[in-house]
Every structure is written in C-alpha cells, then in structure tokens.
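K.L.:
Pasting a structure below so you can have a look.
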Amino acid sequence: MGLNELYARWLDVATKAGFAISLCAFLVYAGGLLPAFVPLEELPRYWALPVHRFIEVTGAPQGWAWLGELAYGDGLNLAAIALLGLVTPACYARLVPALVAERDWPQAALAAGQLVVLLVAASGLAG
Amino acid sequence: MEVAAAPWWIWPIALFAVSFAIGIVAVLAGVGGGVLFVPIVGSLFPFHLDFVRGAGLMFALAGTLSAGPPLLRAGMASLRLVLPLALVGSIASFAGALVGFAVPTELLQTLLGVLIIGIALLIWRLRAADSANVEADALGELLRLEGEFHDPAAGVSIDWRTHRTLLGLAAFGAIGFVGGIFGLGAGFANVPALNLLMAAPLKVAVGSSGLLISVINSSAAWVYLHRGALLPLVVVPSILGVMLGSRIGARLLGATPAPVVRRLVIVVMLLAGGRALSRGLGIWV
C-alpha cells in the first residue's frame, strides 16, 4: 500500500468517526438532553462579546478546563471538536513508521517533527 | 425580523446551510473555506469576530480533513509535497494565532480585506505555471517532491516535479503566520505558492493545498480551543455542513476544467475580501 493510500485510509476512518461523534454531541446539546454550561436561551446575550469578556461574564472554561465540563452539552461538544484536532496527529503517528520502513529518512524526520509540533500545540504548553 | 430578536436555533441551521455551500466551492478553489467563512459569517451573523475566527479555523480543518481521502486517492494531493511545507507552515501558524488575539478587530478586518483582494489580483494577473518543463532542485530531489496524476477533465496524464524548494518553504512560513493571525487556515495563498512558485500542476496545487490546511490548522485550532474561542453553537453546525459539502467538492474537482477553477478562486476571493474591507473601514457594517 502506498503512502497516499495509507494516509487516506486512516484519514477517512477518523473523519467519518469525527463527523458521527460531532453530530451526536450537537443533537444532545441543541436538543437539551444535557444541561448547557451557558444556557442556549441566554447565549445570544453574550455571543457578540469579545472572547475575554465572554469568559469573564459566563465563566466559560479555558485551557483544559472543558474536560471537567463533560456533563454539560457545550462541554461535550468541545470534546468532539478536540477529537477533530487529534485526527491529523493520529494519521501522522501511523505515517512515521511507514516512512521509516521505506527508509525515507528525510521525510520520516519531517513527519516526526510535525508530530511533535502537533502534540505541543495540543498540550497547550506553548499557547 | 430583527437579528437580535431571532430565536437562537435559527443560527445553527443557517450556519449549516452556508457551510455546506462554502464547503463545495472551497475544495474547487483550494482555499479550505476559512477565507470565505470568516468574512461571510463575520458580516451576516451576530457573533463576535473572535468566535467567527475560531470557527473559521475549525471549519477549514474539518472541510480539508473530509476532502483529503478522495483527493489523495485521485493523485490530486501529494503527501510527500505536503510534509515539508506543512511543518514550516504549522509552526508559523501557531505563532500567528497567538499574535492574532492582540490585534484590534477593525484593524484585523481591514487588513484581511486588503490581503485577500491583493492575492486575488495576483492570481488574476499571473498565468498558471507550466509544470511540464521543470528541473527539480537538489532539495526537491532529496525529498522526492514529484508525482504523476491523471486529469480526467483534460484527458491527460501529467508527470510533475517541483523546484525552488527553499523559496517554497519560506513562502509557506509567511503564509502560515498570516493565516494563523486571521484564523484563515492559509489556503488563500497556498495555491499560488504551489503553482506559480514551485510549479506544481494547478489541480495538484489545489488538492495539496487542502491537505496542507488540514495539517497546519490542526496546531492553530488548539490555540483557539485553549483560549476559549470555540463556541460549540457556532463551530459544530459549521463543521458538519462543511464536511458534507467538501466531500462533494472533492469529487467535482477532477471533472472541473482548470480555467473554471481559477476563475472561481478569483471571484470568490474578491467578494470575500471586499466584504471584509468594507466592514473593517466601517463603510458597510
């Protein structure tokens, strides 16, 4: 299997799963099956505010704090969004050993470097 | 109906519809969609630009992730071409996303408009590169930045390779930084850089641009998430719409003649840029 096909296969499965999870999470949120951290009816009062004011007024989570809000509909949706942010790192994690097996050292080093950048960004340590 | 008086549920439905339409056009134009989404939603919807930029980045990420598999399988996106450019672009985009939060909104809108119109005019003025007679440079050969792709619309197979690899890397550093500031995903300049500077065929440039955006935005998206700038009611309907639309766009790209793709890119960018500029200058808010 070529590199393009390998990456395409992983990407295909991950994005379809991401779509399904996002759709379910949003139906739970918009359908009111779980309470929202910021109630949907009140959201129009705040969504025109800059992000720092929005957080001040609503107490919405920053950093990894959304992990503690998974019992809320909006917290659950942030988790679904975060999963989409992990699709590319997952595909790269599969790509690096494939490039090493091909002994394509320059591209393997680039892919490994990219994986480190993605994981540092996801950690929030540099943001 | 007054915008402020509209019930909340109108907005996710409208976002889904707009995102679906932009998703189709964005893949054909190789622009990811943030460059269309941010000015359109920023001007027609009631959300603050901070949330629109965050959603724009996630929008472009979701659309390009979704379009990636069909583009890779059709040979219209090259993973080897994407790997070096994405690494430079994602580091720069991450830095740009941090800078973007410190710039006033009106200034961001104005600069965004000027930038998009400028790039649209650049694409209009310059002819597409001839990718048939390109000599690969040493770095391009080392990284094997080459491939073969069959263009069903033109009925030809193209054996391609790129050149000016170092200049290309520098360009993608600059593009990534600016894209991170505006939450655009950087697709607005990827196609001219890949096609005009590095001589990748137009459709390979368009397809690889999408894949590049999916990698670059994956790092910048975390900045917005950690800053609390992703509002689920804005982001999720947008990504659901674009994921469906971009799948359709990826299938249409192979059958669409390259000149039509080029004209589409120019028209869409002029419209989006004009709207952002008028809003930034307070002419039509």
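K.L.:
For chain B, modelled as a Gaussian network with Cα springs under 10 Å, which listed residue fluctuates most, B:147, B:210, B:63?
P.N.:
Result for chain B, Cα springs under 10 Å: B:147 fluctuates most.
K.L.:
For residue B:164, which sequence-distant residues (separation of 5 or more, or a different chain) have an amide H within less than 5 Å of its own amide H, given hydrogens modelled in the peptide plane?
P.N.:
B:137
K.L.:
To continue, here is another question. What helices does chain B hold that run 24 Å or longer along their axis, going by alpha-carbon atoms, with a Kyte-Doolittle average of 0.5 or more, using DSSP H for the helix calls? Before the final figure, lay out the partial values.
P.N.:
Details: long enough: B:10-29 (28 Å, 2.45); B:49-73 (36 Å, 0.92); B:79-100 (30 Å, 1.86); B:105-125 (30 Å, 1.71); B:165-182 (26 Å, 1.98); B:202-226 (36 Å, 1.15); B:232-255 (35 Å, 1.45); B:258-280 (33 Å, 1.15).
Helices meeting the criterion: B:10-29, B:49-73, B:79-100, B:105-125, B:165-182, B:202-226, B:232-255, B:258-280.
K.L.:
Based on DSSP loop calls and a cut-off of at most 13 other Cβ atoms within 10 Å, the longest stretch of chain A free of exposed GluC sites (Glu not before Pro) is what? Walk me through the numbers before you get to the answer.
P.N.:
On the way: sites that count: A:41, A:42, A:102.
After excluding every exposed loop site, the longest remaining stretch is A:43-101.
K.L.:
Can you tell which of A:63, A:85, A:75 shows the greatest fluctuation in a Gaussian network model of chain A with Cα springs below 10 Å?
P.N.:
Looking only at A:63, A:85, A:75, the biggest GNM fluctuation is shown by A:63.
K.L.:
Could you pull out every residue, at least 5 positions away or on a different chain, whose amide H is within less than 5 Å of the one on residue B:78? Hs are placed 1.01 Å off N in the peptide plane, and Pro or chain starts have none.
P.N.:
Answer set, sorted by chain and number: B:208.
K.L.:
Taking θ as phi - 60°, what are the ³J(HN,Hα) couplings along segment A:30-47 by the Karplus curve (6.51, -1.76, 1.60), each to the nearest whole Hz, with x for Gly and Pro?
P.N.:
Once rounded to whole Hz, the list reads 5, x, x, 6, 10, x, 9, 4, 10, x, 4, 5, 8, 4, x, 6, 10, 6.
K.L.:
Jot down the radius of gyration and Dmax of the protein assembly as shown, Cα atoms only, both in angstrom.
P.N.:
That works out to 20.0, 63 Å for Rg and Dmax.
K.L.:
Moving to a separate point now. Taking amide H positions as placed in the peptide plane 1.01 Å from N, state which residues far from residue B:150 in sequence (5 or more) or on other chains have amide H under 5 Å from it.
P.N.:
Those lying under 5 Å, H to H, from residue B:150 are B:158.
K.L.:
Suppose we look only past 20 Å in the calculated P(r) of segment B:18-90. What percent of the Cα-Cα pairs does that tail hold? Intermediate values should be presented prior to the final figure.
P.N.:
Details: 941 of 2628 pairs.
Tail of the P(r) past 20 Å holds 36 percent of the pairs.
K.L.:
Once every DSSP H run of n ≥ 4 in chain B is given -39500 (n - 2.57) and the sum is divided by its residues, what mean residue ellipticity at 222 nm do you get, rounded to the nearest 500 deg cm²/dmol? Walk me through the numbers on the way to the answer.
P.N.:
On the way: 11 runs with 200 residues, N = 285.
Value at 222 nm, helices only: -24000 deg cm²/dmol.
K.L.:
Anything losing 10 Å² or more of accessible area from the isolated chain to the full protein assembly: pick those residues out of segment B:216-233, probe 1.4 Å, ligands and DNA/RNA ignored.
P.N.:
Buried on complex formation: B:218, B:219, B:222, B:225, B:226, B:227, B:228, B:230, B:231, B:232, B:233.
K.L.:
Still on this structure, I have one more. Which semi-axes, in whole Å and largest first, does the equivalent ellipsoid of segment A:1-124 have when worked out from the alpha carbon gyration tensor as the square roots of 5 times its eigenvalues?
P.N.:
Details: eigenvalues 267, 60, 19 Å².
Each semi-axis is the square root of five times an eigenvalue, giving 37, 17, 10 Å.
K.L.:
In addition: Round to the nearest 10 and give me the degree value, 0 to 90, for the angle of helix A:73-85's Cα axis relative to the longest principal axis of chain A.
P.N.:
20 degrees
K.L.:
Only Cα pairs within less than 10 Å get springs; with that Gaussian network setup on chain A, which residue of A:26, A:37, A:54 has the largest fluctuation?
P.N.:
Maximum fluctuation in the GNM of chain A, among the listed residues, is at A:54.
K.L.:
OK, next. Starting with the highest mean, order B:8-16, B:197-205, B:255-263 by the number of other Cβ atoms within 10 Å, averaged over the residues of each peptide.
P.N.:
On the way: B:8-16: 17.0, B:197-205: 26.0, B:255-263: 14.4.
Result, highest mean first: B:197-205, B:8-16, B:255-263.
K.L.:
Can you tell me the mean projection area, over all orientations, of the convex hull of segment B:11-280's alpha carbons? Units nm², please.
P.N.:
Values: hull surface 47.9 nm².
Averaging across all directions leaves 12.0 nm² for the Cα convex hull.
K.L.:
Please give the calculated 222 nm ellipticity per residue for chain A, where each DSSP H segment of at least 4 residues contributes -39500 (n - 2.57) and the sum is spread over every residue; nearest 500 deg cm²/dmol? Intermediate values should be presented prior to the final figure.
P.N.:
Values: 5 runs with 83 residues, N = 127.
About -22000 deg cm²/dmol.
K.L.:
So how do A:91, A:24 rank on accessible area, 1.4 Å probe, biggest first, that is with the largest at the start? All intermediate terms of the calculation are to be shown ahead of the outcome.
P.N.:
Working: A:91 5, A:24 80 Å².
The most accessible residue leads, giving A:24, A:91.
K.L.:
Next question, about the same structure. Once the convex hull of the alpha carbons of segment B:151-269 is built, what does its volume come to per residue, in cubic angstrom? Mind dumping the intermediate values first?
P.N.:
Details: hull volume 12.9 nm³, N = 119.
For segment B:151-269, the hull spanned by Cα atoms encloses 109 Å³ per residue.
K.L.:
Ok, one more. DSSP loop (so not H, G, I, E, B), at most 12 other Cβ within 10 Å: list which chymotrypsin sites (Phe, Trp or Tyr not before Pro) in segment B:191-285 pass both filters.
P.N.:
Working: sites: B:222, B:224, B:284; in loops: B:284.
Passing both the DSSP loop test and the Cβ count: B:284.
The values are calculated or read from the model by the stated rules, or taken from the named source; none is laboratory data. All values reported here derive from a predicted model rather than from experimental measurement. So basically every Cβ, Gly included, is an ideal-geometry build from the backbone, and we count neighbours across all protein chains shown. Accessible surface is based on the protein model in full, side chains and every heavy atom, while ligands, DNA and RNA are left aside. Shrake-Rupley method; radii C 1.70, N 1.55, O 1.52, S 1.80 Å.
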